[in-house]
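Here the structure comes first, spelled out in structure tokens, and everything after it is commentary.
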Amino acid sequence: MNPHPTDYLEGATQGGLIWIRVYGRGNFKLGPTLKAFVVSAIQRGYHRLLVDLESCTMLDSTFMGVLAGLALHLKPLHGSVQVVRLGAPLREALTTLGLQVLVGMPTEGVPATPALARLDPTPDVANSAAGILAAHENLIAASPDNRPRFADLVTQLKDEIEHPL
């Protein structure tokens, strides 16, 4: 096992912000870690999430669904999610799924990044069918245009949950 995987998160809470930096691929394996860190920070009173994608190479739909879920959770708390330092391919991935309505993508005015610490991986709670299903339901909630895109996956995951092997 590689002790230094290329896909990982760093995080911190400082200056009223929850900071996350994604290294490598923002994928379903990192979703539980992202969610656990942010939910813990929200419980401590932080309501603004800033996700730095400068070192991120791609985003999968489950990771984007976790981001959407966090944005939906923060909205009634008058919180926000901003994704910064992202190139055109990542911006396109987010906007293709309609996340621009939930997630800000400023191109300037990004605060200086504090010292971040590597986040320990969280157990695979969201890697389960239920976690992946929730992430994709968040994407559908973010944009109804996502329903046909993920309908088969949602059906398959619901079936897997209702009829485990």
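Quick rundown of the values:
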read-out: Pairwise label distance in nanometres, Ser40 with Lys75, each label 7 Å out on the Cα-Cβ vector; value: 2.7 nm
read-out: Förster-model FRET efficiency, 35 Å R0, Val101 and Asp159, C-beta, rounded to 0.05; value: 0.75
read-out: Residues Lys29, Lys35, sorted so that the one with the fewest Cβ neighbours within 10 Å comes first; value: Lys29, Lys35
read-out: Estimated inter-spin distance, Asp7 and Ala88, nm [label 7 Å along Cα→Cβ]; value: 2.6 nm
read-out: Simple Cβ-charge dipole of the chain, Lys/Arg +1 and Asp/Glu -1, about Cα centre, in debye nearest 20; value: 420 debye
read-out: Whichever lysines have a C-alpha closer than 22 Å to that of Lys75, once near sequence neighbours (fewer than 8 apart) are set aside; value: Lys35
read-out: Integer Hz, Karplus 6.51/-1.76/1.60 couplings in order for the stretch 131-140, x for Gly and Pro; value: x, 5, 4, 4, 4, 6, 5, 4, 5, 5
read-out: Gln14 long-range amide H proximity, modeled H, under 5 Å; value: Trp19
read-out: Residues whose placed amide H lies under 5 Å from that of Val84, excluding near-sequence neighbours; value: Val51, Asp52, Leu53
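Where a number appears in this text, it was derived from the coordinates with a stated rule and is not lab data. The model shown is predicted, which means the values in this text are computed figures rather than measured ones. Reconstructed Cβ throughout: ideal geometry from the backbone, glycine too, with neighbour counts over all protein chains shown.
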